[in-house]
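All remarks here apply to the structure that follows.
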Amino acid sequence: MKIFSFNIKILLLIFFTLSVVKTNAQQDYRLKVLLKLQSLENLNIKGIKIEINQRNGNSNEIVYSTDTLDNYISLELDKEYTIHFSHPKYYSKSIEIDTRVPKKKKTQNFMFEIEVAFDKNCENNPRFAKIIDVAIGRLDYNRNKNNFYYDNRYTFKMGEKYETLKKLRCKIAKEIEKNKRKTEKLAKRNADIAKMKELQAEQEKLLAQQSLIINPEKKVVSKSSKKKPKEKVATVKKQPKKIVFDKNQKEIHIFPKHGWPSELANSILEENYKPKTIGTYTYDLRKGRKDFFVSDADELRKAFPDEFNKAFDNWDYIVKTNTNYKNK
């Protein structure tokens, strides 16, 4: 009877253990992200569209913020997400969240709070809501802290880029609105037509500049700035002025530059090659050196053959080799 009782206890223990293991296996562990969505004017913005996109997957969920403090999103572990926030009155922002955790941490839930500050859309146009194409923030698991951690360095870097573009866009939007009001006032008073045309031309330039900043890949030209294409004028390549060497000098000091062989080869092989100097010369070391080019070589060699051949030992070989190669 005791043996039977002992066996029952073992079976119950095994059953209980298996049940716990099964429960843990079925448990959907997640990261709960509390969201504080605010602007300078509103501590809790209602109606922000929150798009939860799973990278490298098909998951796509959309929720909307309320005016309470309990806005949150729940994300599965071991996934990569991009969370996009948008609102008709504000510029949009995105955050990357990587919920991958170490194997030992996969059997627990996590919680983290993120504060997202929104700026009013200066253009007052939801189509122009995006400032930058990349996420402005990044959250992932930090092994040193044994918890999720907001990447402040990345956020600061992206934040600077965002702020620079936002300020520029808001400045242009302000100028556009200012010009618009001026034009409307002048139109009501039937004022100076020339002044109105001037304002309209300036407005076109501002709108073109605004469009170029918002859509940098799309070049926009204002009507007032359109010009007829210039006719192409054939340019003549300027050759360096040839040097006349003084044969009456008792001696000359020639100093070849390190890259003269390739310079000589390039001048033979390429018709439109832009020449560089191949060396310097001087009649008197106390008076400094002067540069000379490949085009000066023939005259220099005629005037001072021994000094030239000593300075440019393989000149003839390089000329012959590259000339043959060019003529093939």
- Hey, among Glu51, Glu113, Glu61, which residue is free of Cβ contacts under 8 Å to residues at least 40 places away in the same chain, open to solvent by 50 Å² or more (accessible area, probe 1.4 Å) and either over 30 Å from Leu207 (Cα atoms) or assigned to a loop (DSSP other than H, G, I, E, B) (or both)? Glu61
- Item | Residues within the stretch 118-142 that are at pLDDT below 90 and small (Gly, Ala, Ser), tallied | 1
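To keep it simple, each residue is scored yes or no on (1) more than 12 Å from Leu31 (Cα to Cα); (2) open to solvent by less than 90 Å² (accessible area, probe 1.4 Å); (3) among the hydrophobic types (A, V, I, L, M, F, W, C); (4) free of Cβ contacts under 8 Å to residues at least 40 places away in the same chain.
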site	(1), (2), (3), (4)
Thr99	no, yes, no, no
Lys106	no, yes, no, no
Phe156	yes, no, yes, yes
Gly159	yes, yes, no, yes
Glu163	yes, yes, no, yes
- If you take the residues of the stretch 33-48 that are open to solvent by 70 Å² or more (accessible area, probe 1.4 Å) and over 32 Å from the mean Cα position of the chain (by Cα), which of them is modelled with the lowest pLDDT? Leu43
- Message: Need pairs with beta-carbon distance below 7 Å; first residue more than 11 Å from Tyr283 (Cβ to Cβ) and within the stretch 228-255, second modelled with pLDDT under 85 and part of a loop (DSSP other than H, G, I, E, B); sequence gap 6+ or separate chains.
- Response: Lys237/Asn272
- Task: Kindly provide the set of residues from the stretch 280-320 that are surrounded by 13 or more Cβ atoms within 10 Å (Cβ to Cβ), of a type in the set (Gly, Ala, Ser) and either touching a residue at least 40 places away in the same chain (Cβ under 8 Å) or in a loop (DSSP other than H, G, I, E, B) (or both), ordered by number.
- Result: Ser295, Ala303, Ala311
- Going through the stretch 134-167 in order, the residues found to be part of a helix (DSSP H, G or I) and acidic (Asp, Glu) are Glu160, Glu163
- Message: Criterion first (open to solvent by less than 50 Å² (accessible area, probe 1.4 Å), assigned to a helix (DSSP H, G or I) and at pLDDT below 85) does Ile172 satisfy it?
- Response: no
- With respect to Lys219, determine if the residue is under 26 Å from Phe128 (Cβ atoms), open to solvent by 100 Å² or more (accessible area, probe 1.4 Å) and modelled with pLDDT of 80 or more. no
- Task: Could you grab me the full set of residues in the stretch 134-145 that are surrounded by 12 or more Cβ atoms within 10 Å (Cβ to Cβ) and either farther than 20 Å from Gln54 by Cα or in contact with a Gly (Cβ under 8 Å, 6 or more places away or on another chain) (or both)?
- Result: Ile136, Asn142
- Task: Scan the stretch 250-264 for residues that are part of a loop (DSSP other than H, G, I, E, B) and surrounded by fewer than 12 Cβ atoms within 10 Å (Cβ to Cβ) and jot them down.
- Result: Lys250, Glu251, His258
- Task: Look through Ser224, Ser211, Ser267 and report the one residue that is closer than 19 Å to Ala311 by Cβ, small (Gly, Ala, Ser) and either modelled with pLDDT of 60 or more or assigned to a helix (DSSP H, G or I) (or both).
- Result: Ser267
- Answer from Ile131, Ile95 - the residue that is assigned to a strand (DSSP E or B), aliphatic (A, V, I, L, M) and open to solvent by less than 30 Å² (accessible area, probe 1.4 Å): Ile95
- Item | Test: residue in the stretch 64-79 that is in a loop (DSSP other than H, G, I, E, B), more than 30 Å from Glu175 (Cβ to Cβ) and in contact (Cβ under 8 Å) with a residue 40 or more places away in the chain | yes
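The values are calculated or read from the model by the stated rules, or taken from the named source; none is laboratory data. Keep in mind the model is a prediction, meaning the values are calculated, not measured. Quick reminder, even Gly has a Cβ in these numbers, built from the backbone with ideal geometry, and neighbours come from all protein chains shown. Keep in mind that these areas ignore ligands, DNA and RNA; they rest on the heavy atoms of the full protein, side chains included. Shrake-Rupley method; radii C 1.70, N 1.55, O 1.52, S 1.80 Å.
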